[in-house]
Each structure stands twice: as structure tokens, then as C-alpha cells.
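First up is the structure itself, then whatever we jot down about it.
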Amino acid sequence: MDKYLIEVVEDDSSVRNLITVTLKANGYRYLSAMNGQSAVMEAACHNPDIILLDLGLPDMDGVEVIRRIRSWTETPIIVISARSDDDDKIEALDAGADDYLTKPFSVSELLARLRVTQRRIAHAGSSAAESIFHNGPLTVDYASGCASLKGAQLKLTPIEYKLLCLLARNVGKVLTHKYITQHIWGGNWESNIGSLRVFMATLRKKLDDGSGSAPLIQTHIGVGYRMLKQEAEDNNTQEG
Amino acid sequence: MKRSYRRFLLDLGCSLLVLSGATALGFLFDRWGFTNSNIMLLYQLGVLLIAIFTAHRSYSLLSAIASVFLFNYFFIQPKFTLNAYEAGYPVTFVVMFLTAFLSSSLAIQLKKSAKEKEEAAVLIENERLRSAILRTISHDLRTPLTAISGNASNLLSSEESFDAQTRRQLYADIYEDALWLTDLVENLLASTKLENGVALNLSVELADEILNEALQHVRSADHSQTIELMPMEELLLVKADARLIVQVVTNLVNNAIQYTPADSHIWISARRDGAMVSISVADDGPGIAPEDREKLFDSFYVGESRRSDGRRGLGLGLFLCRAIIQAHGGEIRVNDNEPHGAVFTFSLPAEEVEKHG
């Protein structure tokens with residue numbers, strides 16, 4: 001398959017137009033849906049590679065659309081939301097969305113998110129069952145329980161290693177604070193948010209190879225964290 | 001629910017206190033040989049006070065009735081009974097009750113109208129502010145909207161007549177104006193959120209992450225100043241609404257970009273300062289005149305010395321910054337930078353975290 005097929009779910013015609021024109025100009029194939037019902041139908045019939053989903057649809061809640069689509073497929077979903085409220089995004093991410101865009105977004109931002117998701121798809125297809133994870137300078141050996149950066153062994157605390165594995169297993173996907181703390185500590189996530197910040201900061205410091213390249217772990221203020229999938233020849237630093 | 005219960009207890013206590021006070025004074029008056037009518041006036045005064053200090057008129061009504069009985073019981077012969085020897089007393093009691101009741105009603109009426117007047121004044125002030133905001137917004141929105149619609153309609157109707165460079169300029173202008181409007185909408189949204197008293201979405205945040213996020217929001221296309229985020233020696237955790245603080249830092253940096261010459265430097269730094277974390281945005285531009293500093297954080301204040309070709313801001317940015325920081329329990333101020341320039345510093349409550357695990 002040479003061209004990715006993107007499903008665009010958006011009820012506002014000018015925004016839909018903006019997205020489809022952008023996709024066409026950048027060599028994607030696309031199909032579009034104007035409401036939740038047809039979004040689910042189209043996804044089932046055409047099996048798109050990536051779904052761009054607006055949360056404010058006329059007929060049903062966007063989060064409900066995610067749940068229905070997730071009932072049979074893991075196709076990456078990028079949520080588009082006009083609401084500046086983080087809670088909607090977090091709800092969508094926890095329901096199974098992979099990433100989000102907030103309106104107004106720039107065209108380059110949209111394309112960057114699509115590239116991130118494509119890398120994730122490529123990664124998932126090639127190395128889902130492998131016990132060793134490679135991402136740019138980072139290597140995680142799940143079987144022996146150690147991680148290295150540019151070949152040098154990383155000295156990680158048990159929590160830092162758990163965090164790193166969680167991010168690596170979900171590479172390319174935005175993980176919410178709640179998701180991460182519940183997987184690392186379990187229980188009441190709000191009391192652990194401070195610890196999460198501290199461990200994430202120390203982990204990130206250890207992952208910084210001093211080359212000034214884009215950080216492996218991205219912060220999403222008010223939402224969560226994500227590990228970016230890097231490609232050997234891709235030194236692209238404009239995600240975000 | 002609990003609050004109204006407390007209020008009830010408070011009012012009841014106040015009424016009882018005043019009535020027993022009047023009775024105690026009455027005994028003194030009695031001992032000194034004052035006439036009963038003086039004691040009656042004491043009760044009248046008491047009921048009036050109760051009417052002024054309690055929330056509901058039922059307190060003064062009940063107090064008026066109680067005062068009649070108290071007066072009768074303690075001070076009318078035969079004392080310590082509810083009987084009265086003299087034939088005229090029932091009339092006296094009725095008159096006493098009516099006077100107490102009417103004067104307390106008048107007091108309540110007065111209190112009510114004073115409160116109404118106060119509310120009306122607040123309403124007028126809000127209305128004045130609202131119309132000032134609307135006037136300023138509609139005035140300042142028109143400029144970019146005119147540019148956007150004008151440029152777009154030119155491109156739609158006669159795209160071929162422009163050379164490539166002109167066309168590019170028109171597209172760039174549309175884009176710039178749209179970004180400017182986006183900033184404005186963000187600020188307006190944040191200020192309505194604060195105005196409506198929506199609770200802050202407080203969480204433990206790393207200062208570093210907030211500053212990095214804010215730098216991504218700074219309009220990167222149209223400035224030539226050097227922006228530098230100073231490294232921090234320790235992990236600085238703050239208790240804050242991350243979105244709003246990002247907005248504050250973005251506003252401060254955008255301001256620094258707007259009000260400094262092209263080759264200036266802008267430094268962003270954070271440090272621990274006792275129980276607070278101080279975050280500074282410093283520049284080496286011309287600085288801020290002392291007479292401007294006072295008014296800088298007021299709504300709709302726009303400095304006189306602004307770049308003449310720059311877009312006029314709403315004067316909402318710093319006003320909003322101060323409102324956000326104050327809502328966090330911090331403060332914001334501006335100082336001189338050495339040898340020249342301005343330093344905006346704000347503080348946020350620091351947060352200690354014991355590591356779990």
C-alpha cells in the first residue's frame with residue numbers, strides 16, 4: 001500500500017474542506033463522513049488507516065464513536081476538538097483515541113500528527129511481537145529488563161524503567177496522566193501526579209543524549225505524555 | 001444548607017443577647033428609680049437593633065412580642081407575673097408592640113433599599129466595564145477582520161492580477177491576522193473563565209514543562225528577538241492551573257517581542273524563592289517608564305511608547321496575567337533590567353513531593 005487512506009469525520013464543511021484539501025495536496029487518499037453514524041459505517045466498510053474525528057458531531061458524542069470503532073478495530077484515531085477544555089480530550093484518549101488536535105490547528109500541525117501516527121502504524125506492523133524495542137538512540141530489552149541509549153546502559157530506578165516500558169509499548173500514542181499513574185502505582189491517581197512529574201523529569205534527563213535532538217518524550221500540558229517514534233533517517237523536529 | 005443553619009443560630013443569638021441586655025439595663029434603670037416608660041424605650045431600641053442586624057423580619061417581629069412580655073413580667077406591678085394592675089396597661093402593651101414592630105419594619109425597609117442601591121451600583125459598574133470591553137473588542141476586531149476579508153476577496157476576485165510575491169504577502173497577512181485573532185480569543189476565554197469564578201484546575205506541575213509549552217505558543221514567525229530558556233538547577237514543582245500559567249507566560253513573552261527592538265534578547269527563568277517559585281521574563285529592550293508601571297496591569301491600558309506600526313493590543317494581556325496570578329495566590333510585578341530593559345516576575349506556590357516508589 002503506497003498511499004494512506006484517511007477517514008475525515010467533521011460536520012463543519014469548511015473545516016472538512018480544509019482537511020481534505022490538505023490531505024490531497026500531501027498525497028493521501030481520503031474519505032469523509034459528516035456525522036457519527038456514517039463515520040462508524042465508513043470505518044467498517046473501507047477500513048481506513050487513520051481516522052480524524054471531530055468530537056462535536058450533530059448526531060452522537062464523539063467519544064461514543066470512538067467506543068464503537070474500538071469495539072472491532074485498533075485503527076489509530078486522532079481526535080479534533082474545538083473545546084479548549086482538557087477533560088474532553090482526556091475522556092477521548094481514555095476511550096481509546098491515539099492523539100488529539102485542538103482547533104484552531106495549523107496545517108503543518110495536522111501533517112505532523114499524521115506522520116507520527118504513520119510511524120506508529122509502521123512500528124506496530126513490524127515489531128509488535130519483538131522482545132526488543134528500538135526507537136532512535138533508545139533500545140529497551142523487555143526480556144532482560146534493561147534499557148540503553150546509544151549502546152550505553154541506562155541506570156534507571158525500577159519506577160523509571162516501568163515508566164519507560166509503558167511509554168515504549170504505546171509509542172506514538174498520547175497517554176493520559178490517569179492512565180500512566182494507574183499503570184505504575186494503581187489506586188488513587190491524583191495523589192501520585194507529583195511523583196509522576198518528578199520521575200518523568202528524571203527519566204527524561206537520563207534519556208537526553210546531549211545531542212540537542214528532539215526529546216523522545218513529549219509533554220502534553222494538562223493531558224499527559226507520549227513517546228515519539230523516531231526513524232533513523234528522520235531528524236524532523238517540528239512535531240508538537 | 002449548613003450556612004443557612006449557622007446564620008439562623010447567629011441571628012437567634014443576637015436577638016437573645018439584645019433582649020437580655022435590654023432587660024439587664026432595665027433592672028438598673030428600675031433600681032435608679034427611672035420610670036417604666038424609659039425601660040419601654042430601651043426595649044424599643046433593642047427591637048430596632050435586632051431589625052438592623054438580623055437577616056429576616058421574623059426575628060424583629062418575635063422580639064417585639066417578646067419585649068412586651070418581658071417588660072410586663074419584670075417591670076410591671078405585680079412583678080414576675082404576666083398580670084397588670086392598672087387598667088391602662090393592655091393599651092400600653094399594644095402601643096408598645098406596634099411602635100416596636102413599625103420602627104423595625106422601617107429599619108428593614110431602609111436596609112433593603114441600601115442593599116438595592118449597592119447592588120445597582122455594582123450592576124452599573126459591571127455594565128460600564130462590559131460596554132467598555134465590547135467597544136474596545138469590536139473596535140480592535142474590526143481591523144484584522146477587515147484585513148482578512150479584504151485580502152481574501154482580492155485573492156478570490158483577481159488572483160491573476162497579482163504577481164507571486166504580492167500574492168504571497170497577502171496570504172501571509174491573512175495568516176498573521178488569523179493568528180492574532182486566535183491569541184485574542186484565548187485571552188478572552190481565559191478572562192471569562194476567571195470572571196465567572198470557575199474553580200482553577202489546580203495540579204502539581206513542573207515549571208520546566210510549563211515554560212516549554214508556553215514557548216511553543218509564542219508566535220514564532222514574526223519576531224527576530226532571541227528567546228532563551230535559562231536552565232534550572234533543580235526540579236521546580238508548582239501548584240497551578242497549567243493552561244492559565246502557559247497563557248501568562250505566553251502573554252509576557254509576546255509582549256516582550258512586541259515592545260522591544262528586533263535584535264533584543266528575551267530570557268525566561270525560574271527559581272525557588274522560599275515557599276514560592278518565581279518565574280521571570282526579562283528583556284534588554286528600552287524598559288518601562290516609571291509612570292507607566294502603575295497602570296500597566298489595568299484593563300485596556302496600552303503604553304504610549306508602543307511601536308507605531310505595531311498592531312494595537314487590547315491592553316487585556318497584563319490585566320489577565322495579574323488576575324490569573326492573584327487567583328493562584330501569587331503576585332506579579334515589573335522591575336528594571338540592567339543595564340536597560342524590563343523584568344516581569346510572577347510567583348506561584350511551590351509544591352513539595354515525596355516520591356512514591
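Against the conditions (1) in contact (Cβ under 8 Å) with a residue 40 or more places away in the chain; (2) closer than 20 Å to A:Val15 by Cβ; (3) of a type in the set (D, E, K, R), A:Asp94 satisfies every one except (2). For the stretch B:262-280, the criterion of being under 23 Å from B:Ile210 (Cα atoms), of a type in the set (Asp, Glu) and modelled with pLDDT of 85 or more is satisfied by at least one residue. A:Arg115 meets each of the listed conditions (1) under 16 Å from the mean Cα position of the chain (by Cα); (2) of a type in the set (Lys, Arg); (3) within 30 Å of B:Lys193 (Cβ to Cβ) apart from (3). Reported count of residues in the stretch A:170-191, each being facing chain B (nearest Cβ under 9 Å), without any contact (Cβ under 8 Å) to a residue 40 or more places away in the chain and not hydroxyl-bearing (Ser, Thr, Tyr), is 3.
Would you confirm whether or not the stretch B:167-176 contains a residue that is surrounded by 15 or more Cβ atoms within 10 Å (Cβ to Cβ), closer than 20 Å to B:Gly317 by Cα and outside the structural domain of B:Asp298 (by TED's automatic domain parsing)? Scanning the stretch B:167-176 turns up at least one residue that is surrounded by 15 or more Cβ atoms within 10 Å (Cβ to Cβ), closer than 20 Å to B:Gly317 by Cα and outside the structural domain of B:Asp298 (by TED's automatic domain parsing). The residue list A:Asp85, A:Asp94, A:Asp54 contains one member that is more than 19 Å from A:Leu228 (Cβ to Cβ) and either touching a His at 6+ places or on another chain (Cβ under 9 Å) or at pLDDT below 85 (or both), which is A:Asp85. Give the residues of the stretch B:249-276 that are under 23 Å from the mean Cα position of the chain (by Cα), of a type in the set (A, V, I, L, M, F, W, C) and away from chain A (no Cβ under 13 Å), sorted by residue number. Those that are under 23 Å from the mean Cα position of the chain (by Cα), of a type in the set (A, V, I, L, M, F, W, C) and away from chain A (no Cβ under 13 Å): B:Leu252, B:Met276. Output yes when any residue across the stretch B:209-226 is in a strand (DSSP E or B), assigned by TED's automatic domain parsing to the domain that holds B:Ala282 and not aromatic (Phe, Trp, Tyr), and no when none is. Yes: one or more hits.
All of (1) within 10 Å of chain A (Cβ to nearest Cβ); (2) farther than 15 Å from B:Val249 by Cβ; (3) modelled with pLDDT of 80 or more; (4) part of a helix (DSSP H, G or I) hold for B:Leu235 with one exception: (4). If the condition is being more than 28 Å from B:Leu145 (Cβ to Cβ), modelled with pLDDT under 90 and within 13 Å of another protein chain (Cβ to nearest Cβ), then the stretch B:210-228 contributes B:Asn212, B:Glu213, B:Leu215. For the stretch A:80-117, the set of residues classified as in contact with a Lys or Arg (Cβ under 7 Å, 6 or more places away or on another chain), of a type in the set (Gly, Ala, Ser) and closer than 19 Å to A:Ile6 by Cβ consists of A:Ser81, A:Gly96, listed by residue number.
Give me a count of the residues in the stretch B:29-59 that are farther than 13 Å from B:Ser103 by Cα and more than 33 Å from the chain's Cα centre (by Cα).
First pass over the stretch B:29-59, keeping only residues farther than 13 Å from B:Ser103 by Cα: B:29-40, B:42, B:53-56, B:58-59.
Filter once more, keeping what is more than 33 Å from the chain's Cα centre (by Cα): B:29-40, B:42, B:58-59.
Matching residues across the stretch B:29-59 total 15.
Out of curiosity, is B:Asn151 within 12 Å of chain A (Cβ to nearest Cβ) and touching a helix residue (DSSP H, G or I) at 6+ places or on another chain (Cβ under 8 Å)? No: the conditions fail for B:Asn151. Of the listed requirements (1) within 30 Å of A:Asp54 (Cα to Cα); (2) touching a residue at least 60 places away in the same chain (Cβ under 8 Å), A:Leu101 misses just one: (2). Here B:Ala199 qualifies as modelled with pLDDT under 85, more than 21 Å from B:Gly317 (Cβ to Cβ), more than 10 Å from chain A (Cβ to nearest Cβ) and loosely packed, with under 15 Cβ neighbours inside 10 Å.
Filtering the stretch B:331-352 to residues that are within 25 Å of B:Leu202 (Cα to Cα) and not in a strand (DSSP E or B) leaves B:Glu331, B:Glu351, B:Glu352.
Scanning the stretch A:151-191 for residues that are outside any helix (DSSP H, G or I), in contact with a His (Cβ under 7 Å, 6 or more places away or on another chain) and either loosely packed, with under 15 Cβ neighbours inside 10 Å or modelled with pLDDT of 90 or more (or both) gives a single hit, A:Val174.
Matching residues to (1) modelled with pLDDT of 85 or more; (2) among the aromatic types (Phe, Trp, Tyr); (3) surrounded by 12 or more Cβ atoms within 10 Å (Cβ to Cβ); (4) in a loop (DSSP other than H, G, I, E, B):
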| site | (1), (2), (3), (4) |
| --- | --- |
| B:Arg6 | no, no, no, no |
| B:Ser15 | yes, no, yes, no |
| B:Val18 | yes, no, yes, no |
| B:Ser58 | no, no, no, no |
| B:Ala66 | yes, no, yes, no |
| B:Phe80 | no, yes, no, yes |
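Can you spot a residue in the stretch A:213-223 that is part of a helix (DSSP H, G or I) and either away from chain B (no Cβ under 11 Å) or more than 28 Å from B:Val238 (Cβ to Cβ) (or both)? Talk me through it step by step, then tell me what you get.
Of the residues in the stretch A:213-223, the ones part of a helix (DSSP H, G or I) are none.
Scanning the stretch A:213-223, I find no residue that is part of a helix (DSSP H, G or I) and either away from chain B (no Cβ under 11 Å) or more than 28 Å from B:Val238 (Cβ to Cβ) (or both), so the answer is no.
Looking at B:Pro290 and the list (1) surrounded by 19 or more Cβ atoms within 10 Å (Cβ to Cβ); (2) modelled with pLDDT under 90, which single condition is not satisfied? Every condition holds for B:Pro290 apart from (1).
Checking each residue in the stretch B:28-50 for being assigned to a helix (DSSP H, G or I), more than 13 Å from B:Asn72 (Cα to Cα) and among the hydrophobic types (A, V, I, L, M, F, W, C) picks out B:Leu28, B:Phe29, B:Leu41, B:Leu42, B:Leu45, B:Val47, B:Leu48, B:Leu49, B:Ile50. Count, please, the residues in the stretch A:192-209 that happen to be more than 8 Å from chain B (Cβ to nearest Cβ) and modelled with pLDDT under 85. So the count comes out to 2.
Can you spot a residue in the stretch A:140-150 that is assigned to a loop (DSSP other than H, G, I, E, B) and either within 14 Å of another protein chain (Cβ to nearest Cβ) or free of Cβ contacts under 8 Å to residues at least 12 places away in the same chain (or both)? Yes.
The values are calculated or read from the model by the stated rules, or taken from the named source; none is laboratory data. On a predicted model such as this, the values are computed, not experimentally measured, just so you know. For neighbour counting, all protein chains shown are included, and Cβ atoms are generated from backbone atoms with ideal geometry for every residue, glycine included.
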